[in-house]
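Undergrad: Shown below is the structure under consideration.
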Amino acid sequence: MSHSAGQLPVSLPPHFAYSSGQLHIDGVELDALARAHGTPLFVYSKAAMLSALSAYQRGLKGRDHQICYAMKANSTLAILQTLVQAGCGLDIVSGGELERALTAGVAPSKVIFSGVGKTRPEMRRALEVGIGCFNVESTAELDVLDEVARGMGLRAPVSIRVNPNVDPKTHPYISTGLKGNKFGIAHEEVLATYRHAAACSGLRVVGIDCHIGSQITEAAPYMDAMDRMLDLVDAIEAAGIPIEHLDLGGGLGIDYNGETPPDAGALWQALLQKLDTRGYGQRKIVIEPGRSLVGNAGACLTEVLYLKPGEQKNFLIVDAAMNDLPRPAMYQAFHKIVPLSPRDALAMKTWDVVGPVCESGDWIGRDRALDVQAGDRLAVLAAGAYCMSMASNYNTRGRAAEVLVDGGTSTLIRMRESTADQLRLESLLPVA
């Protein structure tokens, strides 16, 4: 718990702290970074990412495993590079992500290709580079991948994604393991699908995959999903189809507003104990954490443009918007918002923090108690995941710059996008 004199206490993520009246990340003053690089600005702690990763590594120590970072959470090259150099493989969901992954230096054999809509060119490129595994999500996709692989004289390594019909108790938009979701093969159809895959000469069955959702804050859904998946493995191997690895997905939540997800290391100790009990303790484990590695490692810095008091609502207009921080507009998500330089709190008011985009849905936080003036800067916390990777150019707004802090030093890892950058790929019609 950190606070400044006169300022209401606020719980900050690890690696963030107030010192001498200024918010810092790993000893680097955030207001100084905002002055140097402008706002909106995303700032990340390398140490926070590696600390989050180490919890998984401790939980899986001594086991045959591969941690594949789900790069859709944040696909900035320097962040991928940081995690790859720390031993991670990567979980991708598009051909573009594959190219990012390769650029970041990952070994193709440590790449898992997930997603429901892989195209033939994406499949061909992944096979060309020697991808580790395709997580396949439909019989139709199996057939297309079989055709593509046979055409190249190859056998595609495949894992079939199981939909176990387990409720992850999270937001409906990020729930993926229920019957009503578009992901995976229904539990009742899995054995038949594996028989089909095993009969395809262009495919090589290597694993089974299960991912039930994101921002999961309880252990029970993981335990339920594992039991259902292992029941299927029993049946699949009884049919003469060996399973080399068990891919148990990701989805572990983080603290946005007082959530208390289980520690990654403790969760995996419990899951591994279940594996041992079921007789699968020596099987290779693949996991795909995303948000839990990067979410609490980042913040978005933004400047207050205008204060607009009203009869029903007070609006605090900042220069960050829904194109920079899409989660509140998409999921009604909560992010803590704190001042970089806290004031005395004598003029504390309740504000809706909103951006400049021309949409009523462009809000960052509702009903927030803040003492601010125009020109002050704020930090939107827990912004390391699903913010920059989902950012857009709506209203012809350039995407923000990004900075990585490492051991008291900062590095600009993405330049601010200019209007010229956005216009470069467009063409005017010929003048008659």
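The values are calculated or read from the model by the stated rules, or taken from the named source; none is laboratory data. Remember, predicted model here, so these are calculated numbers, not experimental data. When we count neighbours, we look across all protein chains shown, and the Cβ atoms used for this are built from the backbone with ideal geometry, even at glycine.
Undergrad: Which residues, taken from segment 90-115, are outside any loop (DSSP other than H, G, I, E, B) and either surrounded by 22 or more Cβ atoms within 10 Å (Cβ to Cβ) or touching a residue at least 40 places away in the same chain (Cβ under 8 Å) (or both)?
TA: Answer for segment 90-115, where residues must be outside any loop (DSSP other than H, G, I, E, B) and either surrounded by 22 or more Cβ atoms within 10 Å (Cβ to Cβ) or touching a residue at least 40 places away in the same chain (Cβ under 8 Å) (or both): 90, 91, 92, 97, 98, 101, 110, 111, 112, 113.
Undergrad: I'd like to know if segment 321-329 contains one or more residues that are of a type in the set (Asp, Glu), surrounded by fewer than 24 Cβ atoms within 10 Å (Cβ to Cβ) and either in contact with a Phe, Trp or Tyr (Cβ under 8 Å, 6 or more places away or on another chain) or at pLDDT 95 or above (or both).
TA: Taking every residue of segment 321-329 in turn, none turns out to be of a type in the set (Asp, Glu), surrounded by fewer than 24 Cβ atoms within 10 Å (Cβ to Cβ) and either in contact with a Phe, Trp or Tyr (Cβ under 8 Å, 6 or more places away or on another chain) or at pLDDT 95 or above (or both).
Conditions (1) assigned by TED's automatic domain parsing to the domain that holds residue 234; (2) closer than 22 Å to residue 208 by Cβ; (3) assigned to a loop (DSSP other than H, G, I, E, B), marked per residue:
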| residue | (1), (2), (3) |
| --- | --- |
| 261 | yes, no, yes |
| 273 | yes, yes, no |
| 277 | yes, yes, no |
| 282 | yes, yes, yes |
| 300 | no, no, no |
| 342 | no, no, yes |
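Undergrad: Among the candidates 135, 74, single out the residue that is touching a residue at least 60 places away in the same chain (Cβ under 8 Å), in the same structural domain as residue 156 (by TED's automatic domain parsing) and of a type outside the set (A, V, I, L, M).
TA: Criteria check complete, one pass: 135.
Undergrad: Kindly establish whether residue 87 is small (Gly, Ala, Ser) and assigned to a loop (DSSP other than H, G, I, E, B).
TA: yes
Undergrad: Got a number for residues in segment 193-234 being of a type in the set (Gly, Ala, Ser) and at pLDDT 95 or above?
TA: Number satisfying all stated conditions: 6.
Undergrad: Specify the residue that is surrounded by the most Cβ atoms within 10 Å (Cβ to Cβ); the eligible residues are those in segment 353-371 that are under 26 Å from the mean Cα position of the chain (by Cα) and assigned to a strand (DSSP E or B).
TA: The residue in question is 364.
Undergrad: Same structure again: Determine which member of the set 401, 420, 432, 391 is surrounded by 11 or more Cβ atoms within 10 Å (Cβ to Cβ), of a type in the set (Gly, Ala, Ser) and out of contact with any Asp or Glu (no Cβ under 6 Å at 6 or more places or on another chain).
TA: 401
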